Amino acid sequence: MKTYLSNQLRYGIKIIFNKKPYSIEKNEFVKPGKGQVFYRIKMRNLITFKSIEKTFRTTDFFKEANIINIKLKYLYSINEIYYFINQDNCEQISADKKYIGNNLIWLFSNENYKVTLWNNNPISVIPNKFIKIKVKDTTPNVKSDTKSSFNKIAVLSNNFHIKVPSFIQIGDLIKVNTITKEYISRVK
């Protein structure tokens, strides 16, 4: 396992800090008027996704985190344990509900997801940025509404409520941004 000094930390490097995996977002060299030089490092916890900023001396060192991102297909769930399969080697991997978090609403059988593994254990499940999903329920279209206004709520097939334009009808297939949870367009 590789070790890094604080001056070697660059954007995207994954390290272990306080026994947790972190991804480096920024490393700034600081030379104060008096005293020793130091590095101000901004990093994100890969389990909680919270960002922190810490200062380190030039002699501080860190171990590299064993982080792997792979594409897995979601199969099924039993008692808040979600099962995925690696289609390259048919290896099955299970993830606890807490590692899926808010992305649980975008989990659909037989769809591919980016799964982050730390020491071969899943720590996050991330859906594609855009998905196509069917509108299950919405209010009828009113002719006086403008076509560009987002003035009605639609219920998607996963029971998620989203604002959509007035021309969207029940049964329409729409494109949704899973990060912002917003309507993008209607799919023809």
From the Cα centre of region 68-129 to that of region 159-188, the distance in Å is 24 Å
Yeah, region 3-64 with a ≥ b ≥ c from its alpha-carbon gyration tensor (a/c under 1.5 is rounded, else prolate when a/b outruns b/c, oblate otherwise) is prolate
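Please compute the net charge surrounding THR178, taking Lys and Arg as +1 and Asp and Glu as -1 over other residues with Cβ under 14 Å from its Cβ.
Value of the local net charge: +3.
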Under the rule rounded for a/c under 1.5, else prolate if a/b exceeds b/c, else oblate, using alpha carbon gyration tensor axes a ≥ b ≥ c, region 67-126 is classed as rounded
Looking only at lysines whose Cα falls under 19 Å of LYS19's and that sit 8 or more positions away or on another chain, we get LYS2, LYS42, LYS50, LYS54, LYS63, LYS98
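In a shell of Cβ-Cβ distance under 14 Å around VAL187, excluding VAL187 itself, what net charge do Lys and Arg (+1) and Asp and Glu (-1) give?
+4
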Taking only the Cα positions of the chain, the convex hull volume per residue in Å³ is 158 Å³
Placing each pseudo-label 7 Å from Cα in the direction of the beta carbon, ILE68 and LEU104 end up separated by a distance in nanometres of 2.7 nm
Note to self, the chain gives a 222 nm [θ] from helices alone (DSSP H runs n ≥ 4, -39500 (n - 2.57) apiece, / all residues, nearest 500) of -500 deg cm²/dmol
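Just so you know, all these numbers are worked out from the coordinates, no wet-lab data involved. No experiment lies behind these values; they were computed from the predicted model shown. Positions of Cβ are generated from backbone atoms using ideal geometry, with glycine treated the same way; all protein chains shown enter the neighbour counts.
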